[in-house]
Amino acid sequence: MKKFMMLVTFLGLATAFSWADQDRHDTDDRLVHAGEVLHQIMAAPDNGIPQEVLDHAKCIAVVPHLIKGGFVFGAEGGRGVATCRTPEGWSAPAFFSITGGNWGLQIGVEGIDLVMIIQSDRGMQRLLTSKFQIGADASVAAGPVGRHASADTDWKMNAEILTYSRAKGVFAGITLNGADVRRDDDSMRAFYGPGVAIHDVLHGRVPPPPAAAPFLDAVRGAKEQAAAAR
């Protein structure tokens, strides 16, 4: 009986370590894909996020491969990563999940990359909470697309979050209402270990691990790409 209990304990620990390794692999993979999405969007001729929007951004969040067909976000693809501006530069990444929402004509496509530009302190505070709903708790609007934002400043004043989508190579602003954004505690724990709070990460109190480089380099490079295309 004692040997059996030891075997059960060993198998349990082995399974836990295996899940932890997989979770860490998933977070690293998400950072790489999020960086690729941002780089590819900014490299699109005359069709990226305007430099004025990037200059105004408090936080940038990316969800690569949000859905894979159907009417709702797939659980596997509805996970993203965010970074916020600090006095020292962009923060270490924080992880979140997103579910629900109304995508209109985007329904049924193979997969969608989502970019959210949080452009106010209030919007940033929403990102720090355990859960909020886009459109209800935080105002949202389709982001302007192109090398320059319109002279009209409505995009600055009327929404806490600007949203963009890319599907089948087509990049455009999109209004995403009703989506629930939640803190991804499992990914935070897998990436940073236990006891690291999301507000400490996004306020710049936690140094970014080396695995964060693909995403953070893309965020820093986005502004340079926009400026080079002017």
Determine if segment 1-18 includes at least one residue that is at pLDDT below 65 and assigned to a loop (DSSP other than H, G, I, E, B). yes
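From the residues in segment 141-180 that are of a type in the set (S, T, N, Q) and crowded, with 21+ Cβ neighbours inside 10 Å, which one is modelled with the highest pLDDT?
Ranking the qualifying residues of segment 141-180, first place goes to THR163.
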For segment 181-199, does any single residue satisfy the condition of being assigned to a strand (DSSP E or B), modelled with pLDDT of 85 or more and farther than 25 Å from GLY89 by Cβ? yes
What residue, among those in segment 200-209 that are assigned to a helix (DSSP H, G or I) and of a type outside the set (D, E, K, R), is nearest to the chain's Cα centre (by Cα)? LEU202
If we keep just the residues of segment 119-140 that are surrounded by fewer than 20 Cβ atoms within 10 Å (Cβ to Cβ), closer than 13 Å to ALA159 by Cα and among the small types (Gly, Ala, Ser), which is modelled with the highest pLDDT? SER120
For ASP46, state whether it is at pLDDT below 80, under 23 Å from PRO209 (Cβ atoms) and exposed (fewer than 15 other Cβ atoms within 10 Å of the Cβ). no
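The values are calculated or read from the model by the stated rules, or taken from the named source; none is laboratory data. If you're wondering where the values come from, they're calculated on a predicted model, not measured in any experiment. Reconstructed Cβ throughout: ideal geometry from the backbone, glycine too, with neighbour counts over all protein chains shown.
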